[in-house]
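Inspection log for the structure reproduced underneath, given as structure tokens.
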Amino acid sequence: MRTKGTALVSSPSTASQVTVPSYDFSRRVALVTGGTRGIGKAIAHALAEAGATVIVSSRKTPAVEQVVAELRGAGRSAHGIPANVGRLDEALSLVDRAIEIAGGIDILVNNAATNPVYGPIEETSSEVFDKIVAVNLKAPFEIARRALPSMIGRGGGVVLNISSIGGLSPESGLGIYSVSKAALISMTQVMAREWGKHGVRANALCPGFIRTDFSAALWKDEALMTRVLSEQPVPRLGTPEEVAGFALYLCSDAAAFCSGGAYLIDGGYLA
């Protein structure tokens, strides 16, 4: 990723110069899938507040329009593109339209995900299996591959794939969702290795139990939450804004030496 916007700080004692990494995202374009609620929305807001032009995408047009209106109302630069990334044609069109609208892509946040079942793995139908893999794994692959030439042409970029602690240590009931998130981590590492020569970094962020609508089936399960919070060093649910703060770091120049990582934000649950 391009290094720019750094500040030089003089030390009175050594008269040396120290480069302080910048969180200034001005002149950078970020595409956020699943960007209209929960973690994705919080990341979209954080990037926009840091100066990025944000392309917000999700399946439902009214939700996209609402988040774009919120960002623009706060004086931020934002555009919206509705798309169901589980459909290949829409996933590819999303990238093409984002580049057409904003001139290119510097940061890609693959946040869109699905988990239509919660229960034993043997109850997952072939149709549901295919849907989970299409949204959680194939879409991030196709979108990142489509965005890569733009990133290379702009001097580098960042791919941030939102995985899960389930991709590292599956919870009962999350079955194929956990499998898809484990594969996403592996794919992220492949991207990091193969695309580093182009100045493109790739990382996976693995949230734990975060209070969002998407994870409601988990945190509304009182027995599960009692067990989880009794084992978790930080005994509460996380917030989307806390995940967004970590995401902002990984997308910034401050994380220029971070690539191929799977970073936990789970209150210490997997410690």
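The values are calculated or read from the model by the stated rules, or taken from the named source; none is laboratory data. In this text the structure is predicted, and so the values were computed from the model without any measurement. Cβ sites come from the backbone with ideal geometry, for glycine too, and all protein chains shown count toward neighbours.
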TODO: Could you list all residues from segment 153-172 that are surrounded by fewer than 24 Cβ atoms within 10 Å (Cβ to Cβ), in contact with a helix residue (DSSP H, G or I) (Cβ under 8 Å, 6 or more places away or on another chain) and assigned to a loop (DSSP other than H, G, I, E, B)?
DONE: Gly156, Leu168, Pro170, Glu171
Open item on the list: Give all pairs with beta carbons closer than 7 Å in which a residue from segment 187-203 that is without any contact (Cβ under 8 Å) to a residue 40 or more places away in the chain meets a residue that is part of a helix (DSSP H, G or I); count only pairs at least 6 apart in sequence or on separate chains.
Closed with: none
Task: Among the residues listed as Ser169, Ser178, the single one being farther than 30 Å from Asp253 by Cβ and either among the basic types (Lys, Arg) or without any contact (Cβ under 8 Å) to a residue 40 or more places away in the chain (or both) - done: Ser178
- [ ] With the condition kept exactly as written, say whether any residue in segment 133-152 is outside any helix (DSSP H, G or I), surrounded by 23 or more Cβ atoms within 10 Å (Cβ to Cβ) and modelled with pLDDT of 95 or more.
- [x] no
Task: Of residues in segment 41-71 being within 24 Å of Ser252 (Cα to Cα) and among the β-branched types (Val, Ile, Thr), the one nearest to the chain's Cα centre (by Cα) - done: Ile43
Open item on the list: Quick test for you: out of Thr212, Thr188, pick the one residue that is modelled with pLDDT under 95 and crowded, with 20+ Cβ neighbours inside 10 Å.
Closed with: Thr212
Open item on the list: Looking at segment 204-222, can you tell me whether even one residue there is within 21 Å of Ala98 (Cα to Cα) and not small (Gly, Ala, Ser)?
Closed with: no
Open item on the list: Any residue at all in segment 74-88 that's among the basic types (Lys, Arg), surrounded by 17 or more Cβ atoms within 10 Å (Cβ to Cβ), assigned to a loop (DSSP other than H, G, I, E, B) and in contact (Cβ under 8 Å) with a residue 12 or more places away in the chain?
Closed with: yes
TODO: Residue by residue through segment 257-271, note down the ones that are in contact with a Pro (Cβ under 9 Å, 6 or more places away or on another chain), touching a residue at least 40 places away in the same chain (Cβ under 8 Å) and not in a strand (DSSP E or B).
DONE: Asp266, Gly267, Tyr269
TODO: Please state which of the following conditions Phe257 fails to meet, knowing it meets all the rest: (1) crowded, with 16+ Cβ neighbours inside 10 Å; (2) within 29 Å of Tyr23 (Cα to Cα); (3) not hydroxyl-bearing (Ser, Thr, Tyr).
DONE: (1)
- [ ] With the condition kept exactly as written, say whether any residue in segment 108-120 is surrounded by 24 or more Cβ atoms within 10 Å (Cβ to Cβ), more than 26 Å from Ile176 (Cα to Cα), hydrophobic (A, V, I, L, M, F, W, C) and at pLDDT 95 or above.
- [x] no
Task: Residue in segment 242-250 that is closer than 29 Å to Glu49 by Cβ, under 19 Å from the mean Cα position of the chain (by Cα), of a type in the set (Asp, Glu) and part of a helix (DSSP H, G or I) present - done: yes
- [ ] Please state which one of Ala204, Ala217, Ala182 is out of contact with any His (no Cβ under 6 Å at 6 or more places or on another chain), among the aliphatic types (A, V, I, L, M), part of a helix (DSSP H, G or I) and modelled with pLDDT of 95 or more.
- [x] Ala182
TODO: Could you grab me the full set of residues in segment 185-201 that are part of a strand (DSSP E or B) and among the polar types (S, T, N, Q)?
DONE: none
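Condition check ((1) modelled with pLDDT under 95; (2) hydrophobic (A, V, I, L, M, F, W, C); (3) closer than 28 Å to Leu148 by Cβ) across all residues:
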| site | (1), (2), (3) |
| --- | --- |
| Thr61 | no, no, yes |
| Val64 | no, yes, yes |
| Leu88 | no, yes, yes |
| Ser93 | no, no, yes |
| Glu123 | yes, no, no |
| Glu127 | no, no, no |
